[in-house]
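Visitor: A single structure is presented below for examination.
Please treat every number below as a calculation from the coordinates, not as lab data. The shown structure was predicted, so the numbers you read here are calculated from the model rather than taken from an experiment. Backbone-built Cβ (ideal geometry, glycine too); neighbour counts: all protein chains shown.
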Amino acid sequence: MDAPHAILPFLDPLNTLAGGLFLLAAFGIAMTRQAKGCLNLFIAQSLLLAVSALLLGLKYASWHLYGVALVNVIAKPVLIPWILRRTVPGEVYTRREIEQVLNIPISLLIALSLAILAFFLGGLLQEGTALELHGSNVPIGIAGVFIGAYTLTVRREALPLLIGLLAMENGAFFAGIVLARKMPLLVELAICTDGLIVVFITGVLIRAVHRRIGTTGVGTLSELKEHLPGRPREEARQ
Amino acid sequence: MNVIVLLGLPLAAAALSCLPWRRFAPAVTIASCLAVLADSVDIARRVVGSGPAVVAPNWIVVDGLSALVLLLIAFVGVTAAFFSWGYMSAEAHAPKRLRLYYVNYNLFIFSMLAIPVLVEPTLVWIVVELTTLCSALLVCFEDTREALEAAWKYVVLSLMGAAVALLGFLILFAAMQAAGGEIYTWAGLTASASKMPLILLQTAFLLILVGLGTKVGLVPMHTWLPDAHSQAPSPVCALLSGVETTAVLYVILRLFPVLKAAPGAHAEAWATVFGLASLGVAAFLLLQVRDYKRMFAFSTVEHMGIILLAVGLGTSEAHYGALYQALTHALAKSFCFFAAGAVLLATGTREIASIRGLIRISPIAGAGLLFGGLAIAGAPPFAVFLSEFSIFKAGLAGGHYLATGSLVLFIAVGFIGVLFHVNRMVFGEIHAGNRPQLRLPASCLAVLGITALLVTGLGLYLPEPLHQLLRLGAAALER
C-alpha cells in the first residue's frame, strides 16, 4: 500500500514534531513532582510513539509499523493504568515529591546534557551506516533511554520510578521503529506483553512495601549496606 | 521434541502448584524438576553424539553451549527444589503463601531454561527480563523490610539494565540489516558480522554488555546483587547465584563469536577490563563482609569476573576453562547457599559476628559451611580449583602474564577473605546468645550430601562426556 503522494512531503516534518514532543515528555517525566502528572505524561509519550510509528508506517508503507502503533495505543494508555489501578494503593497517585535529590534547574541541566550526548551518539551511528537511519528517531530514542535512566537515579517515589522504567523502554522503541522496522510483529507483541508483566510485578511489590513499611517512597529504603552503624539488624526469623 | 517438553514441564508444574492440596506443590515441583533434568541429560547426550538439535530453525536450536547451560540450570533446579521441600516447611509459612512460592519457583525455572534454547536475540532478551520478574516475588518472600528493599533494588536495576540492553539488541538488528543479513539469530549475526558497520556493532555490544552485565553483577553495576542474593530464601539464593547469573552471562558470551568475525571490534579487551574489575573489587569486598550470605553473594561477583576474564583471554583453552568454571561455580555455589541455609536454620542469624563455635552448635551446618567455604574459595582437591587452574594455565600459554598474575592475586585475596570469616564462625567459643540446635530436615541433608559428593568428585575426575560437552561449548565461542 503506497501513501497518497499528497501527504508524503508532510510526513517527515510531522514525525520530527512528534519526536520533539516525545523528548519534551521525557523531560517532563524526569521533572514533574506530582505522581499523577508523571503517569499522564507517560501516556502522552506513548501516544506520540504510536503517532511516530504511524507516520513512518505511511512513509515506508509498512503494515508492521501500523501494528506497532496499534499495540502501543492499546497497551500503554489503556492496559497499564488499568493494571496499576488494580495493584498499587491509591495513595501513590496523590504523592508529591517535595524534596528531590537535586533541585529542578540542576536536574534540567543534567537532562539537557544527556540529550546533547544522545544526539552526538546518534549522529555517530548515522554516519557509520549506509542504511537509512536518517531523521530524528534514533537520537531522540537514545535521549529517551538516557533521560529515563536519569529519572531512576533522582526519583524516590515508587510510581515515578516505575514510569521512569517504562519511559526508558519507550525510548528504546522510539529508536527501534527506525532501527529494526522489519522485526517480526510477534516479537513486538511479546515485548509489550512483557511490559504489562513489569507493571503487574512492580505494582505488587509497591503494594507489599506500602503494607509492610507504610510508605511508597521506596527510594528512601537503605537498610542494606556493608557497614551498619552499630545498629542491630532485624533477624530473619523472629 | 525433547526441548518442547523441557519448556512445557515447568509451566505445567506451575499451573498444578496452584491446586490447594497440602504437600502437592512441592511434590509436583520436584517431579517436574527431575523430569527436566533427565530430559536435559538426554538432550546433552544427543548434542554430543550427533550435533546441534534443531527444533524450529531460526527460533529454537540447542548446541553444545546451550546444552551445557541447560544441564546446569536443570541440576541446580532439582537440588534447590529438594532443599525447598525441607527448608520451607521448617519455617512455618501459610499454605497459600507456600503455594505461591512453588508457582513462582516453577515459572522462574521455565524462564531460565528458555534462555539457552532460544536463538532469536530479542526473544532471549524477553526471557531474561522474565527471569527478573518471576524471581522478584521469590526474593521478597520472607516479607521483611530488608527483603522488600532487596527485591525493589533487584527489579529496578535489572529492568533498567534490560532497557539499555534492548536498545543494544535493536541497534544490533540494524547492524545486521546494514550488512545485508536477513535472519536475526546468533548464527545469522555471526554470518553477516564481517560486513557490519563497526560503530553500530560496537555500540550494540557495549550497550548489551552494560545492560545485561547489570543482571550478571559485573562491577560497577553489581550493587543490587549482594542484597538480593542474601535476602532471598536459601534455595532461591542457590538458583540466583548458582545458575541465573551464568545463564545471563551466556547471552553476553553468545556475542563473542559475532564480534570476533568483525575485524577490529575488540570484544576481548572489554571482557578483560570488566572481568578484572569485577574480580578485583569483589575479592577486596569479601574481606569486610558482616553477613555470611552476602559473603557468598560477593563470591558470585568474583566468579562471574573470573569467567568473563577467561573469555577475554581469547584462546580456545581459555574458553574451555571459562565454561569449566561456570560448571564448577554452579555446583559449588549452590552447595554454599544450601550450607548457608542450614546455618540460618541452626542459628537464626545471618551475622558472622554473632556465630562462634558452629561446629559444636550444629556439626552438620558447621562442617557444611567449612566444606562450602573451602570449595568455593578454590582449595584443592575441589572442582573449582581445577577449573581455576585450567584458566591459569591457558592464560600463561597465551602470554597474558599481567592478566593471569592479577587473576592469581585476586583469587588469593578472595580465598583469604572467605576462609577468614568461615574459620571465625565454625571454630571458637560458643556465644551465650546462640540458640540451641534445631534438627535439619532430611531432604536438606540429602541435598547437602549429594552436592558435596559432586563437588569433590568433579575435582578428582571429569567424566569423558562432560569433557566433550565443555569442548563443544568452547567451540561455540569461537567464530
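Visitor: How are the alpha carbon pair distances in chain B distributed across 20 Å bins from zero to the largest one, expressed in percent?
Guide: Going from the shortest bin to the longest, the percentages are 26, 60, 14, 0.
Visitor: Continuing with this model, one more query. Percent relative contact order of chain B, based on C-alpha pairs within less than 8 angstrom and at least six residues apart?
Guide: Numbers: 847 pairs, mean separation 79.1, N = 479.
Relative contact order for chain B comes out at 17 percent.
Visitor: Next question. Along the charge dipole of the protein assembly as shown, pointing to its positive end and built from +1/-1 on Cβ of Lys, Arg, Asp and Glu, which listed residue (B:H222, A:T216, B:L255) has its Cα farthest out?
Guide: Among B:H222, A:T216, B:L255, the one farthest towards the positive end of the dipole of the protein assembly as shown is A:T216.
Visitor: Further, regarding this structure: How big, in percent, is the set of alpha carbon pairs in the protein assembly as shown lying more than 40 Å apart?
Guide: Values: 75993 of 256686 pairs.
Looking at the protein assembly as shown, the distances longer than 40 Å represent 30 percent of pairs.
Visitor: Continuing with the same structure: Ignoring everything except DSSP H segments at least 4 long, calculate the 222 nm mean residue ellipticity for the protein assembly as shown; use -39,500 (n - 2.57) per segment, divide by total residues, nearest 500. Each step should come with its number before you reach the end.
Guide: Values: 30 runs with 532 residues, N = 717.
Rounded to the nearest 500, the figure is -25000 deg cm²/dmol.
Visitor: Taking only Cα atoms, what is the 0 to 90° angle, nearest 10, from helix B:145-178's long axis to the longest principal axis of chain B?
Guide: Taking the Cα atoms of chain B, the angle to B:145-178 is about 10 degrees.
Visitor: At a 10 angstrom cut-off on C-beta neighbours, averaged per residue, how do the peptides B:64-70, B:356-362, A:60-66 rank from highest to lowest? Intermediate results must be reported in sequence, preceding the final value.
Guide: Working: B:64-70: 26.9, B:356-362: 19.1, A:60-66: 16.0.
Highest mean packing first, the order is B:64-70, B:356-362, A:60-66.
Visitor: On a full-extension model of 0.36 nm per residue, what is the gain between A:D12 and A:L24, subtracting their alpha-carbon distance, rounded to one decimal in nm?
Guide: Details: separation 12, 0.36 × 12 = 4.32 nm, distance 1.84 nm.
Length gained between A:D12 and A:L24: 2.5 nm.
Visitor: What's the angle, to the nearest 10 degrees (0 to 90), between helix B:442-460's Cα axis and the longest principal axis of chain B?
Guide: 50
Visitor: Could you line up B:C237, B:C18 from fewest to most neighbouring Cβ atoms inside 10 Å?
Guide: Lowest to highest Cβ neighbour count: B:C18, B:C237.
Visitor: Would you mind ranking A:F146, B:F392 by Cβ crowding within 10 Å, fewest neighbours first? If you can, show how the numbers build up before the last one.
Guide: Details: A:F146 22, B:F392 18.
Fewest-to-most ranking of A:F146, B:F392: B:F392, A:F146.
Visitor: Please report, in debye to the nearest 20, how large the charge dipole of the protein assembly as shown is about its Cα centre when each Lys and Arg carries +1 at its beta carbon and each Asp and Glu carries -1 there.
Guide: Values: 45 positive and 37 negative charges, 323 e Å.
It works out to roughly 1540 debye.
Visitor: Distance between Cα centroids, segment B:253-307 to segment A:43-112: provide it in whole Å.
Guide: First find each Cα centre; the distance between them is then 35 Å.
Visitor: What helices does chain A hold that run 15 Å or longer along their axis, going by alpha-carbon atoms, with a Kyte-Doolittle average of 1.0 or more, using DSSP H for the helix calls? Please list the in-between numbers first.
Guide: Numbers: long enough: A:8-31 (35 Å, 1.52); A:35-60 (38 Å, 1.42); A:63-74 (17 Å, 1.43); A:104-127 (34 Å, 2.02); A:137-154 (25 Å, 1.52); A:158-179 (32 Å, 1.86); A:185-213 (41 Å, 1.57).
Helices meeting the criterion: A:8-31, A:35-60, A:63-74, A:104-127, A:137-154, A:158-179, A:185-213.
Visitor: Between B:D42 and B:L206, what length in nm is gained on full extension when 0.36 nm per residue of separation is reduced by their alpha carbon distance? Don't skip to the end; give the middle numbers.
Guide: Numbers: separation 164, 0.36 × 164 = 59.04 nm, distance 3.59 nm.
Working it through step by step, the gained length comes to 55.4 nm.
Visitor: I need the fraction of alpha carbon pairs in segment A:8-218 separated by more than 24 Å, rounded to a whole percent. Display every interim value, and only then the final one.
Guide: Numbers: 9117 of 22155 pairs.
Beyond 24 Å sits 41 percent of the P(r) for segment A:8-218.
Visitor: What percentages, rounded to whole numbers, describe P(r) for segment B:79-152 computed over all alpha carbon pairs with 10 Å bin width beginning at zero?
Guide: For segment B:79-152, the binned pair fractions read 18, 43, 29, 9, 1 percent.
Visitor: Okay, next question. How far is helix B:267-285 tilted off the main Cα axis of chain B, in degrees rounded to 10, range 0 to 90?
Guide: Helix B:267-285 sits at roughly 10 degrees to that axis.
Visitor: Here is a follow-up. Which order do the peptides B:293-305, B:418-430 come out in when sorted by mean C-beta neighbours inside 10 angstrom, highest first?
Guide: Values: B:293-305: 28.3, B:418-430: 17.7.
Answer by packing, highest mean first, reads B:293-305, B:418-430.
Visitor: Can you run phi through the Karplus equation (6.51, -1.76, 1.60; θ = phi - 60°) for segment B:119-127 and list ³J(HN,Hα) in whole Hz, with x for Gly and Pro?
Guide: Once rounded to whole Hz, the list reads 10, 8, x, 5, 5, 4, 4, 4, 6.
Visitor: Using θ = phi - 60° and the Karplus relation 6.51 cos²θ - 1.76 cosθ + 1.60, list the HN-Hα couplings for segment B:215-220 in order, rounded to whole Hz, with x at every Gly or Pro.
Guide: Along segment B:215-220, the couplings run 7, 6, x, 6, 5, x Hz.
Visitor: Oh, and also: How many Cβ atoms of partner chains, on average, are near each residue of B:220-226 if near means within 10 Å of its Cβ? Present the calculation step by step, with values, prior to reporting the outcome.
Guide: Working: counts 0, 0, 0, 1, 1, 0, 3.
Counting other chains' Cβ atoms within 10 Å and averaging over B:220-226 gives 1.
Visitor: Please state the equivalent ellipsoid semi-axes for segment B:326-473: what are the square roots of 5 times the Cα gyration tensor eigenvalues, largest first, in whole Å?
Guide: Details: eigenvalues 207, 74, 18 Å².
After diagonalising the Cα gyration tensor, the semi-axes are 32, 19, 9 Å.
Visitor: Search the structure for amide H atoms under 5 Å from the amide H of B:D291, placed 1.01 Å from N in the peptide plane, and list their residues when 5 or more places away or on another chain.
Guide: Under 5 Å from the amide H of B:D291 lie the amide H atoms of B:I352, each far enough along the sequence or on another chain.
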